[in-house]
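For reference, the structure is listed below as structure tokens.
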Amino acid sequence: QVQLVESGGGSVQPGGSLRLSCAASGYIFRVDTMSWYRQAPGKQRELVAVKASGGTTNYADSVKGRFTISRDNAKNTVYLQMNSLKPEDTAVYYCNMKTILNNYWGQGTQVTVSS
């Protein structure tokens, strides 16, 4: 059984930084992409950043230049470094892993940006 466990969320003032981590465990076969999504209250879940196994990365326009996704393939862990945080970044952040067999989600971690 595959599990994704996120950590690193919390509260921060505008302009601050946080680093999210997502560790995958279990039988993991042929990972295509690892991604971060977020969902703010009353809004749909949206893609924040994605990193393919080949190294390609893509970001939502709203976070380009501020967020960086990275991956440690040996540890099956994906990170999201978030800098220059804004109040509109407040959301529950979810880790996602797509393999050739399935699509997995973490439980989510809350990020709150407020003064």
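Worth a mention:
- Residues of the stretch 34-80 classified as over 20 Å from Gly8 (Cβ atoms) and of a type in the set (S, T, N, Q), total: 4
- Those strands (runs of 3 or more DSSP E) lying entirely in the stretch 23-99 with at least 3 residues of a type outside the set (A, V, I, L, M, F, W, C), open to solvent by 50 Å² or more (accessible area, probe 1.4 Å) and in contact with a Lys or Arg (Cβ under 7 Å, 6 or more places away or on another chain): none
- Being more than 17 Å from Asn96 (Cβ to Cβ) and out of contact with any Cys (no Cβ under 8 Å at 6 or more places or on another chain) is not true of Gly26.
- Pair list, Cβ < 6 Å and 6+ apart or interchain, from the stretch 1-12 residues that are farther than 10 Å from Ala23 by Cα and in contact (Cβ under 8 Å) with a residue 24 or more places away in the chain to residues that are assigned to a strand (DSSP E or B) and open to solvent by 60 Å² or more (accessible area, probe 1.4 Å): Gly8/Arg19; Gly9/Gln110
- All positions within the stretch 103-115 that are open to solvent by 80 Å² or more (accessible area, probe 1.4 Å), within 26 Å of Ile28 (Cβ to Cβ) and in a loop (DSSP other than H, G, I, E, B): Gln107
- Residues (of a type in the set (Ser, Thr, Tyr) and farther than 20 Å from Ser7 by Cα) located in the stretch 39-93: Ser53, Thr56, Thr57, Tyr59, Ser62
The values are calculated or read from the model by the stated rules, or taken from the named source; none is laboratory data. This is a predicted model, so every value here is computed, not measured. All Cβ positions, glycine included, derive from the backbone under ideal geometry; neighbour counts span all protein chains shown. All accessible areas refer to the heavy atoms of the entire protein, side chains included, with ligands and DNA or RNA removed. Shrake-Rupley method; radii C 1.70, N 1.55, O 1.52, S 1.80 Å.
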